[in-house]
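The values are calculated or read from the model by the stated rules, or taken from the named source; none is laboratory data. Quantities reported herein were computed from a predicted structural model and do not represent experimental measurements. Cβ sites come from the backbone with ideal geometry, for glycine too, and all protein chains shown count toward neighbours.
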Amino acid sequence: MTAIATTEASLRPSKYLENPGHGDAFTDHLVTARWTAGTGWSAPTLGPLTNLSIHPGMIGLHYAQVVFEGLKAFVQQDGSIAAFRPRDNAARFARSAARLAMPEVPQEMFLRAVEDVVRADADWLHDNPTHTLYLRPLLYASETQLMLRASNEYTFLMMAFLAGGFFGDQVQPVSVHVSREFTRAVPGGTGNVKCAANYGPSLLAQQQAQAAGCQQVVWLDAAEHRFVEEMGGMNLFFVRDGRLVTPALTGTLLPGNTRASLLTIAGLEGYPVAEERITVEEWREGCRSGAITETFACGTAAVVTPVGRVRDGDDWFTIGDGGMGPATARLRQALLDVQHGRRADPGGWLHRIC
Ligand SMILES: Cc1ncc(COP(=O)(O)O)c(C=O)c1O
């Protein structure tokens, strides 16, 4: 593998080299741009990652006029670095902003910010090509004002952290808890965009899942509490009667880029794919009858993670033999191979940066 070009020495603490985990191995740089109603967007600047100084009466802090994204840059087989589907994240970021009455970050500005941070912090990927740079674009209402109205000022930030495995270094099946008490998203709400306000209210259900002996929460639809929608911050797939099925995008699910990528890759791998609604009852009965042989979660952070056991109230059921099934393993490997440039890129998804 050829060396990755670096512009300056990284400040990374050595404790992150072995296992950077997920979410706190922040890199050294930050892109910042500001928008005001009168002047539009300022030219984005790349600077060192620093703390922010904000007024306690900032709109974003009080009324959650805040949206974000999550995407990754991967070391390629030839040693270069590419971001995965950044245009799709830019598009979803723009949709999220529009839903919260915020100005959209132009796609080219978003891409430029991704490129600038990745170039500046590429040397964080030197030591271990399986690590990734997780990029976190953030847009928040930065006007000081406590009248309940849309802000006249916004700040766009692009930061990054070094990421290892979301569920640890090994791929182990996770157990999940069906939340019967709480709902993630309602028709007409914000479930199909990535706004900060979707995540705070999910944490209590996540704590309940852990108290119930599970690692993650599974969300059901708000109207009937029957249809499986998502798992934590991930989309779900089922292998049912030999087909790969993922819950249909009803407007209350986040349309994941990983979900979309897997639908394409699975088709290329010869799996019949379908987007359909699936109830908890069908999931449980399918596992008992053998019609459902695998379930996995997918997302930028989790990649592809098998689901081994499900808890619904006092009832537990096991999927397949509780381990990682063959379709899950194959699709996980195929996705990682595309992301690292080890197999043909089926959709022009890789955006080479340096
Ligand atoms: C609620 C939710 N669902 C699904 C996903 C997976 O989306 P993606 O594959 O684009 O990371 C995410 C992560 O962004 C999420 O927060």
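Values as computed for the structure displayed
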item	result
Residues within segment 39-58 that are exposed (fewer than 13 other Cβ atoms within 10 Å of the Cβ) and assigned to a loop (DSSP other than H, G, I, E, B), tallied	9
Test: residue in segment 333-354 that is surrounded by 20 or more Cβ atoms within 10 Å (Cβ to Cβ), within 16 Å of the ligand (Cβ to nearest atom) and within 15 Å of residue 238 (Cβ to Cβ)	no
Complete set of residues in segment 148-173 that are surrounded by fewer than 17 Cβ atoms within 10 Å (Cβ to Cβ) and at pLDDT 85 or above	148, 149, 150, 152, 172
Breaking point among (1) buried (at least 18 other Cβ atoms within 10 Å of the Cβ); (2) among the hydrophobic types (A, V, I, L, M, F, W, C); (3) over 22 Å from the mean Cα position of the chain (by Cα), for residue 61	(1)
Answer from 112, 92, 136, 99 - the residue that is within 16 Å of the ligand (Cβ to nearest atom), over 28 Å from residue 21 (Cβ atoms), among the charged types (D, E, K, R) and outside the structural domain of residue 198 (by TED's automatic domain parsing)	99
Leading residue by the ranking (farthest from residue 316 (Cα to Cα)) among those in segment 175-188 that are within 15 Å of the ligand (Cβ to nearest atom) and not polar (S, T, N, Q)	186
Segment 236-293: number of residues that are of a type in the set (Gly, Ala, Ser) and within 16 Å of the ligand (Cβ to nearest atom)	6
Looking only at segment 251-270, and only at residues there that are touching a residue at least 40 places away in the same chain (Cβ under 8 Å) and surrounded by fewer than 19 Cβ atoms within 10 Å (Cβ to Cβ), the one that is farthest from residue 86 (Cα to Cα)	269
Residues located in segment 174-187, provided they are surrounded by fewer than 17 Cβ atoms within 10 Å (Cβ to Cβ) and either in contact with a Lys or Arg (Cβ under 6 Å, 6 or more places away or on another chain) or in contact (Cβ under 8 Å) with a residue 40 or more places away in the chain (or both)	180, 186, 187
